[in-house]
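Have a look at the structure below before the remarks.
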Amino acid sequence: MLDHFSRRAFIGASVVAVGTLRYSVSAIAAPQCVSGSLPGFLPNRLTVDCASRMNFRLFRQNPTDLGLAGVVSMTFVRGNQGSYSAGNLFLFPWLKAKGRARKIVWPSVAPTDATQFFQASPMPNNYLPVGDYFCQFVLKAPVSNFIGFELDAAPFEQGRAKLPWVTNVNKLADGKPVGINWTSSNLNRPWFGGNSCIPNTDTCNGIAWRRVIVDGLNQASVGAC
């Protein structure tokens with residue numbers, strides 16, 4: 001009787017232990033996506049301010065001179081230059097080598113809200129992370145409130161196009177392609193489980209974020225304020 005009881009108790013304890021272990025492993029495996037003080041956020045669609053639409057048009061007109069920094073506000077943001085709603089797509093140019101060589105005053109602008117803007121010179125290069133630069137020195141807003149990526153008018157070449165952190169969009173709503181680099185050295189880590197890249201998986205809603213950003217780029221490519 002004692003032997004029977006002990007065997008049954010052991011089996012029961014083992015089942016509990018296995019269940020506890022399975023739960024613990026699952027908890028460890030599940031990434032903690034948001035590590036900052038703000039809650040998680042995923043809008044159905046982004047808004048695109050007038051300044052960003054104008055900057056996208058300038059980018060299209062000068063594809064060998066300009067790249068674009070892209071950031072998205074993850075909450076309502078109040079910066080030194082203005083206030084911005086959550087889920088707004090910002091686009092701002094940086095100068096490639098050919099653009100720097102032209103020595104002209106570029107008609108780029110930065111937003112103070114959804115419709116108002118001010119003249120702001122493009123970032124001089126992309127030597128520093130362009131999303132950080134835009135938030136800190138153009139918007140003068142907290143970098144912790146944004147995620148970021150980078151755009152080029154030319155699609156990535158075949159070898160690079162296979163990398164998980166880039167995407168070629170063959171045709172936006174304006175009929176032209178764009179290459180997207182989904183990495184941001186500092187902006188993305190607090191929102192995507194420490195990953196500098198917006199994931200190409202469902203982890204931390206990475207695929208959903210890529211989808212709404214591409215939709216925002218479609219808006220920027222054809223919409224006028």
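The values are calculated or read from the model by the stated rules, or taken from the named source; none is laboratory data. This one's a predicted model, so the numbers in the text were calculated from it and none came from an experiment. Cβ: placed from backbone, ideal geometry, glycine included. Neighbour counts: every protein chain shown. For accessibility, only protein heavy atoms count, side chains too; no ligands or nucleic acids. Shrake-Rupley method; radii C 1.70, N 1.55, O 1.52, S 1.80 Å.
Electrostatic bookkeeping for GLY223 treats Lys and Arg as +1 and Asp and Glu as -1; over the other residues with beta carbon under 14 Å from its beta carbon, the sum is +1.
When the alpha carbon gyration tensor of the chain is reduced to an equivalent ellipsoid, the three semi-axes, largest first, read 45, 19, 15 Å. Just the protein heavy atoms count here, and of the accessible area of the chain at 1.4 Å, carbon and sulfur take up 57 percent. To the nearest 0.05, what FRET efficiency results for ASN80 and SER185 with a Förster distance of 25 Å applied to their C-beta separation? According to the calculation, E is roughly 0.65.
Residue by residue, region 47-64 carries 3J(HN,Hα) couplings of 8, 10, 6, 4, 4, 5, 5, 5, 5, 5, 4, 4, 4, 5, 6, 9, x, 8 Hz when phi is fed to the Karplus relation 6.51 cos²θ - 1.76 cosθ + 1.60 (θ = phi - 60°); x denotes Gly or Pro. Distances between placed amide hydrogens fall under 5 Å for VAL48 paired with LEU89, all partners being 5 or more residues away or on another chain.
Counting Lys and Arg as +1 and Asp and Glu as -1 over every other residue whose Cβ lies under 14 Å from the Cβ of PRO199, the net charge comes to +2. Computed from phi, the 3J(HN,Hα) profile of region 170-178 under the Karplus parametrisation 6.51, -1.76, 1.60 (θ = phi - 60°) reads 5, 7, 7, 5, 8, x, 10, x, 7 Hz, with x in place of Gly and Pro.
How large is log10 I(q)/I(0) at q = 0.12, 0.13 Å⁻¹ when the Debye formula is applied to the Cα atoms of region 126-190, each weighted equally and without solvent? Result of the Debye calculation: -0.36, -0.42. Taking amide H positions as modeled 1.01 Å from N, with prolines and chain starts lacking one, the residues under 5 Å from SER73 and 5 or more places away or on another chain are GLY87, ASN88, PHE90. Using only helices, what value at 222 nm comes out for the chain when you add -39,500 (n - 2.57) per DSSP H run of length 4 or more and divide by the total residues, to the nearest 500 deg cm²/dmol? Only helices count here, giving -10000 deg cm²/dmol. Listed values for region 116-133 are Karplus-derived 3J(HN,Hα) couplings in whole Hz (6.51 cos²θ - 1.76 cosθ + 1.60, θ = phi - 60°), namely 9, 7, 9, 5, 8, 5, x, 4, x, 5, 10, 5, 9, x, 5, x, 4, 4, and x replaces Gly and Pro. Have a look at the DSSP beta bridges in the chain and tell me what percent are antiparallel, nearest 5. Percentage antiparallel, nearest 5: 90. With pairing defined as another cysteine C-beta under 4.7 Å, the cysteines of the chain that fail it are CYS135, CYS197. Need one number: the % of Cα-Cα pairs in region 178-225 sitting beyond the 16 Å mark. That tail contains 43 percent of the Cα-Cα pairs. Per the Kirkwood formula applied to alpha carbons, region 85-218 shows a radius of gyration over Rh ratio, Rg over Rh, of 0.95. Region 179-210 and region 36-97 have Cα centres lying 16 Å from one another. Measuring r between the beta carbons of SER121 and ASN44 and using R0 = 22 Å, the FRET efficiency lands at 0.05.
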